[in-house]
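The values are calculated or read from the model by the stated rules, or taken from the named source; none is laboratory data. Here the structure is a predicted model, which is why all the values come from computation and not from measurement. Quick reminder, even Gly has a Cβ in these numbers, built from the backbone with ideal geometry, and neighbours come from all protein chains shown. Only protein heavy atoms, including side chains, enter the accessible area calculation; ligands, DNA and RNA are left aside. Shrake-Rupley method; radii C 1.70, N 1.55, O 1.52, S 1.80 Å.
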Amino acid sequence: MSARDSILARIRTARGAGAAATEAERAAVEARIAARTPGTRQAVAFELVPRFIEQCERMASTVDRVATDADVPAAVARYLQDKDLPRQAAAWPAIAALDWTATGVQVEGRPARGDDLVGITGVHLAVAETGTLMLLSSPTTHATTSLLPETHIAIVPTARIVRAMEEAWVQTRSELGELPRAVNFVSGPSRTADIEGILQIGAHGPFRVHVIVVG
Amino acid sequence: MSAPVSGTTNKPKEGYQSIHFKTRAHDRLNDAKVQRAMRNFNLAAARTRGIVDLENFEDIRTAAAAIRDRSLAHLDVWLERFEREATRRGTVVHWAESHDDINRIVIEIAQRTGVRKVIKSKSMVSEESHLNAALEGAGLKVVETDLGEYIVQLAGETPSHIIAPAIHKTRDDVADLFHDHHGTPRKTDPRELTMEARKFLREHFLTGEMGITGANFLIAETGSTLIVTNEGNGRMTTTMPRIHVAITGIEKVLGTLEDAACILRLLTRSATGQSISNYLTFNTGPKRDGDADGPEEMHVIIVDGGRSRLLGTDMQEALRCIRCGACMNHCPVYQNIGGHAYGWVYPGPIGSVLTPNYIGIENAIDLPNAATLCNQCGVVCPVKIPLPDLMRKLREKQVDRGLRPWQERVGLKVWAWMAKRPAAYALFTRIAARIGRRMGGAQGLIHKLPGNGWTEGRDIAAPEGKTFRELYAQRRRS
Ligand code: SF4
């Protein structure tokens with residue numbers, strides 16, 4: 001018997017079930033999945049945008065807010081200037097396609113490399129409950145852009161902010177059908193407390209996460 | 001209920017350090033450095049701060065326990081569902097009966113794909129199988145990338161906590177290790193040390209060919225693995241190398257993404273007090289057409305390694321565990337002796353339950369007794385595992401199997417004999433109380449009881465000289 005079959009058989013014996021899973025058991029599992037019952041969630045009511053901003057800051061992200069997409073390049077330039085960061089970035093192609101000419105920031109639409117210092121992404125959705133960015137991998141939304149550079153700037157349209165992870169899943173299923181290779185929920189800069197329990201912001205991922213809310 | 005424990009012999013097996021609990025605990029208690037290091041972390045206080053914003057924390061705990069029970073109740077059906085979906089999305093699913101199987105499967109994948117360098121995100125299951133040593137034995141270079149795990153790897157040690165692996169190390173220890181291994185000037189500032197690790201490990205992230213991770217959960221609905229990290233090394237390990245291997249236990253399956261959403265509200269709050277971890281990474285199969293990043297192959301190894309023995313027994317609740325570490329952070333015994341004293345992968349209360357069940361009750365005889373049954377762990381456990389009950393049941397099993405030391409067995413027999421004979425009992429206690437009083441002297445303290453280690457570190461208050469029954473009878477008369 002293969003390891004697989006003997007493990008499954010042992011589990012079935014332990015729970016006093018017959019030799020192989022029955023159609024009825026499989027159907028019960030499918031029904032449970034189809035129902036997708038939300039678990040118990042946080043009870044308090046909140047407004048999406050203010051809650052999102054407040055929770056981003058709680059997770060040590062910084063937040064700016066602008067009116068339209070056209071204001072994004074200037075907001076990015078301002079942030080880079082304030083933080084004394086290089087005016088050069090790797091970005092998702094859709095972001096690189098914005099009009100950056102007036103800003104003097106050089107934005108390339110390509111995956112990030114190990115030596116890029118700034119990465120600019122959009123989001124698939126954002127979660128208000130926890131101040132979280134939801135990023136999906138795809139040929140045009142590279143996973144490395146939010147991972148390798150020391151600074152990650154994320155552009156978040158208010159229309160993409162949902163209440164909790166449950167809403168994010170419902171919307172993702174209806175928009176995409178199935179999950180892409182990687183779904184990353186990012187809440188603030190990377191951190192560690194592995195040396196004497198002292199919190200250090202900036203471990204292997206970005207040191208800074210700057211969120212620009214649009215709308 | 002049948003005993004959910006392995007082995008037919010009562011003899012401890014060579015090689016399991018859990019049998020040496022007493023000596024190991026003693027060493028840790030006398031190690032001033034470990035004692036100092038342990039005091040640096042206060043994860044229990046962090047949890048207390050972290051749960052205040054969840055006013056319905058208790059309801060969510062109940063829901064989370066129910067979600068875990070639902071998975072365990074039809075575990076095989078959920079695992080098959082996960083396997084079907086993961087396979088459909090291009091992941092190769094492997095099954096490992098034993099720890100040796102894990103190592104063999106990983107080495108086979110590495111050899112077939114010509115991998116020489118492996119980078120690892122935290123995986124406690126790989127600690128169970130001593131995977132690093134096996135991979136090194138097969139000529140592979142292995143680099144742990146979680147900062148705590150990296151420190152522990154450089155020191156040639158094992159983790160002493162499931163979420164803070166280097167909790168027993170001071171900054172001076174880390175300074176020495178980095179100085180020796182990196183050949184850089186010695187520095188003691190935690191910030192500078194962290195940045196040095198970032199620099200050295202970044203190089204490995206960019207050149208690692210296989211990434212090995214654990215999986216906090218498997219999602220049956222989508223065939224995805226979920227890993228929860230703060231440092232970002234989990235993302236690196238699943239994004240940069242061309243092969244990704246996730247290793248996890250059979251019990252880790254969840255039904256839906258909604259189930260994951262509910263449990264995640266508790267996991268990080270219980271662990272470090274954060275409302276959410278910095279990174280939650282759901283991986284579903286290898287790189288897709290046109291993707292610029294991601295591995296070419298994704299493998300999931302589903303491990304039994306003793307787990308199925310707990311199913312359907314009075315130990316099953318232990319399989320709910322989501323590895324948050326709260327039980328050890330709140331355990332007065334763990335907080336004093338540290339994780340290494342427990343001698344196997346999982347320390348603290350959950351370790352005292354899992355270790356005897358996974359590796360055999362006879363190989364971890366002191367562990368279920370290394371607790372005061374104060375129930376701090378049971379109160380904080382986010383999935384409501386009744387840890388003290390499980391430890392008590394394991395103690396009963398030790399007695400049933402005749403595994404307790406002969407002094408204890410004889411002592412209990414004598415006590416039982418007397419307890420059934422009130423006159424003998426009264427006579428014995430009367431004599432003992434009077435001898436005790438003599439021994440206590442003027443201070444009323446006994447410094448040494450014969451044949452008993454209890455008084456090695458403290459005195460015992462001497463009896464007053466009369467037993468309760470005598471005093472009671474006296475009062476009735478007056
Ligand atoms: S037993 Fe409970 S408290 Fe301990 S690690 Fe597991 S889930 Fe956390």
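Taking every residue in region B:42-57 that is within 8 Å of chain A (Cβ to nearest Cβ) and pairing it with any residue that is buried (at least 16 other Cβ atoms within 10 Å of the Cβ), at least 6 positions away or on another chain, the pairs with Cβ-Cβ distances below 6 Å are B:LEU43/B:ASN329. Against the list (1) buried (at least 16 other Cβ atoms within 10 Å of the Cβ); (2) away from chain A (no Cβ under 14 Å); (3) within 16 Å of the ligand (Cβ to nearest atom), the condition B:ALA341 fails is (3). Within region B:311-322, take every residue that is within 14 Å of chain A (Cβ to nearest Cβ) and part of a loop (DSSP other than H, G, I, E, B) and give me the one that is nearest to the ligand (Cβ to nearest atom). Per the criteria, the residue is B:ILE322.
Quick one: what pairs do we get from region A:23-43, first residue on the phi < 0 side of the Ramachandran plot, second of a type in the set (Lys, Arg) and at pLDDT 95 or above, C-beta under 6 Å, 6+ apart or different chains? Here the result reads A:VAL29/B:ARG81, each pair linking region A:23-43 to a residue that is of a type in the set (Lys, Arg) and at pLDDT 95 or above.
Going through (1) touching a strand residue (DSSP E or B) at 6+ places or on another chain (Cβ under 7 Å); (2) facing chain A (nearest Cβ under 9 Å); (3) within 26 Å of B:ASP304 (Cβ to Cβ) one by one, B:ARG191 falls short only on (3). Within region A:157-215, if we keep just the residues that are open to solvent by 10 Å² or more (accessible area, probe 1.4 Å) and among the small types (Gly, Ala, Ser), the residue that is farthest from the other protein chains (Cβ to nearest Cβ) turns out to be A:GLY215. The helices (runs of 4 or more DSSP H) falling completely within region B:365-430 that include 1 or more residues that are farther than 28 Å from B:ILE67 by Cα and of a type in the set (D, E, K, R) map to B:387-400, B:406-419.
Tell me the residue from B:GLY348, B:GLY325 that is open to solvent by less than 10 Å² (accessible area, probe 1.4 Å), within 14 Å of the ligand (Cβ to nearest atom), within 14 Å of another protein chain (Cβ to nearest Cβ) and in contact with a helix residue (DSSP H, G or I) (Cβ under 6 Å, 6 or more places away or on another chain), please. Don't jump to the end; show me each part of the working.
On the way: B:GLY348 fails: within 14 Å of another protein chain (Cβ to nearest Cβ).
Going through B:GLY348, B:GLY325 in turn, the sole match is B:GLY325.
Annotation: of all residues in region B:46-104 being crowded, with 21+ Cβ neighbours inside 10 Å, among the basic types (Lys, Arg) and within 30 Å of A:ALA43 (Cβ to Cβ), the one that is modelled with the lowest pLDDT is B:ARG47.
Conditions tested, residue by residue: (1) within 16 Å of the ligand (Cβ to nearest atom); (2) assigned by TED's automatic domain parsing to the domain that holds B:ASN230; (3) among the charged types (D, E, K, R).
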position: B:ILE162; (1), (2), (3): yes, yes, no
position: B:HIS168; (1), (2), (3): no, yes, no
position: B:ASP176; (1), (2), (3): no, yes, yes
position: B:MET195; (1), (2), (3): no, yes, no
